[in-house]
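Taking it in order: structure first as structure tokens, then the write-up.
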Amino acid sequence: EFNAIRYTAGYVPRALKKKLIKSARKNKKDLLLCLNDLIACDGEEPGPSTEWIYAIDRGGLTHVNNLTFELFLTMEYCIRTHILAGRSEFGDVKDQMKNNEDVLFCWSVLTASWSDEAATTILEMIIDLWIVIRGFSLASALVEQYKVTQKKTTQKSKALRKTL
């Protein structure tokens, strides 16, 4: 699971960079520089889950540094506790993640040299994208679970909402 989190954590800065380049924000250059701080540099000690990422990389993956990976790992633990508790409203999960002490600690270590405005903006963007990614992942897992329990595939069948 660490490999999947590191892989997905590399997607987030890449997607946010693309989004920021197309945006018309005033502080776009500052935000892009801050996003570059989340990406791994060559002189850093590799983490335990980096071997798999380097093995599957054919030159297009974005690698995150170990501190960024720890941030995404704590965000994943936070999301899982909310999903298991049955609180899956987007606003509730977002508020809980923004106020989680572990997430804020990892974020403060990562953004020690950033301005407060850039740090809060990027944190909100990261949390929003991470919740969306994990929401789609959870939805596909639920569909797969449904197919297994019903012992049938969803090909050539009506939509689930219509059959209910």
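None of the figures in this text is laboratory data; all of them are computed from the coordinates on show. These numbers were taken from a predicted model, which means no experiment stands behind them. We place every Cβ from the backbone using ideal geometry, glycine too, and count neighbours over all the protein chains shown.
Tabulated data
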{"read-out": "Over 32 Å (Cα to Cα) - which of K29/K94; K28/K94; K18/K162; K98/K162; K17/K158 fall in this group", "value": "K18/K162; K98/K162; K17/K158"}
{"read-out": "FRET efficiency, K19 to K94 (Cβ-Cβ, R0 25 Å, nearest 0.05)", "value": "0.90"}
